[in-house]
Each structure stands twice: as structure tokens, then as C-alpha cells.
Amino acid sequence: MNYLAFYKPYEVLSQFTDSQGRTTLSDYIRTPGVYAAGRLDYRSEGLLVLSDDGVFIHHLSDPRYEHEKTYFVQVEGVVTPDAIRKLSENIVLPDLQRFHAGAELIPEPELPPRSKPVRDYHPTSWLRITLKEGKKHQVRRMTAAVGFPTLRLIRVTIGPVSLGELEPGEWRRLTNDERRSMGGV
């Protein structure tokens with residue numbers, strides 16, 4: 001069985017084929033038979049876990065197992081304490097969100113530059129947002145709902161697995177401890 005951690009670059013699809021000719025996982029990963037456990041949208045970056053173990057993928061993707069996912073999020077504007085409180089204490093998107101998020105203001109993290117830099121918005125803020133679910137565009141919709149549109153979004157952890165020293169486009173095999181703690185064999 002294969003269990004991989006991959007740093008998905010900006011503007012790469014979280015799938016292996018695309019009828020429109022966009023960059024996909026197949027441009028980076030040659031391990032046959034692996035699939036992503038969950039997705040990151042085309043304009044998001046960061047950690048994807050891939051495997052050829054279907055039970056593991058289901059266990060990692062199903063929100064009932066509550067694998068926390070942490071994101072670094074650059075937003076437009078100076079984030080207010082009220083916005084942090086709303087993100088952390090409220091269900092901001094009742095039609096989409098089932099669990100409370102964790103949100104905190106952080107200093108700008110050290111990250112590899114994005115292939116297309118974020119337009120020069122001033123000012124911006126950085127947040128760390130932790131979810132127990134990860135639905136389509138959830139983080140982007142949450143920050144917009146409290147008045148701070150997302151400019152850059154990077155998933156940095158899923159459960160005990162982190163990007164670590166990976167650079168965009170690089171991948172590594174999960175350690176035995178990571179794999180076991182996430183439901184793998």
C-alpha cells in the first residue's frame with residue numbers, strides 16, 4: 001500500500017486528469033493507483049494525502065472521524081477581534097458548517113513564494129484556521145462572511161501529518177506512525 005503527503009502547488013488540480021489541459025497531480029506523482037483523500041481547490045495550495053488504500057481514504061475524508069485540518073490564510077484587510085471571535089465561536093455558514101472552527105491571528109508565516117504572487121493588497125492579515133471538516137470553498141466562504149476575503153490559502157496539516165520541509169510539487173511517504181494514527185494499515 002502507498003501513503004503519500006504532497007505539497008500541491010497553486011493552480012494544480014487535485015486529480016490526475018483534466019479535459020482542459022490544466023496541470024494535475026499526474027504532472028508530479030507517478031505512483032500508480034493512488035488517489036487524493038479530499039481535495040484542495042485549484043487556487044489553494046498545501047497538503048494533500050494520497051493513497052491506494054480505499055478504506056484509509058474513506059477514513060481520512062469522512063468528517064465523522066474529525067481529522068483536524070489546519071490552514072494558513074492571507075486575507076484582505078486588518079482582521080478585527082470581533083471577526084476572530086465570530087470565526088471561532090459561531091457557525092458562520094449554517095448551510096455548510098457543522099463544527100466550530102478554531103481561528104487566530106498569526107504573524108506572516110514563512111512560506112515558499114506562490115507561482116503567481118498575490119496582488120499587492122494593503123493591508124493584509126494572516127490567520128490560522130482549523131476545521132474538523134473541509135467542504136468546498138469553506139474557508140474562503142467563512143472569511144468572506146466575516147468581511148475579510150481570502151487572498152491566499154495553504155493547508156498545512158491534516159491530523160498528525162504536516163507539510164514539514166516539503167516544497168511545492170514535492171511529496172514524501174507517510175511515516176508508519178502518521179499512517180496508523182490516521183487509520184492506515
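Computed values, structure above
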quantity: Given (1) among the charged types (D, E, K, R); (2) closer than 27 Å to E170 by Cβ; (3) free of Cβ contacts under 8 Å to residues at least 60 places away in the same chain; (4) in contact with a Lys or Arg (Cβ under 9 Å, 6 or more places away or on another chain), index of the condition K69 fails; calculated: (3)
quantity: Residue in region 128-139 that is in a loop (DSSP other than H, G, I, E, B) and over 14 Å from the mean Cα position of the chain (by Cα) present; calculated: no
quantity: Tally of residues being of a type in the set (G, A, S) and farther than 19 Å from S162 by Cβ across region 100-133; calculated: 2
quantity: Residue count, region 149-173 (criterion: touching a strand residue (DSSP E or B) at 6+ places or on another chain (Cβ under 7 Å), more than 20 Å from D95 (Cβ to Cβ) and assigned to a loop (DSSP other than H, G, I, E, B)); calculated: 6
quantity: Qualifying positions in region 132-154 - buried (at least 16 other Cβ atoms within 10 Å of the Cβ) and in contact with a helix residue (DSSP H, G or I) (Cβ under 7 Å, 6 or more places away or on another chain); calculated: K132, E133, M142, V146, F148, T150, L153
quantity: Within region 58-74, considering residues that are farther than 17 Å from E178 by Cα and either among the acidic types (D, E) or modelled with pLDDT of 85 or more (or both), the one surrounded by the fewest Cβ atoms within 10 Å (Cβ to Cβ); calculated: D62
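Residues checked against (1) assigned by TED's automatic domain parsing to the domain that holds T143; (2) charged (D, E, K, R); (3) assigned to a helix (DSSP H, G or I):
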| residue | (1), (2), (3) |
| --- | --- |
| P32 | no, no, no |
| L48 | no, no, no |
| H59 | no, no, yes |
| V73 | yes, no, no |
| A83 | yes, no, yes |
| E104 | yes, yes, no |
| P112 | yes, no, no |
| R119 | yes, yes, no |
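The values are calculated or read from the model by the stated rules, or taken from the named source; none is laboratory data. Since we're looking at a predicted model, the values are computed, not measured. When we count neighbours, we look across all protein chains shown, and the Cβ atoms used for this are built from the backbone with ideal geometry, even at glycine.
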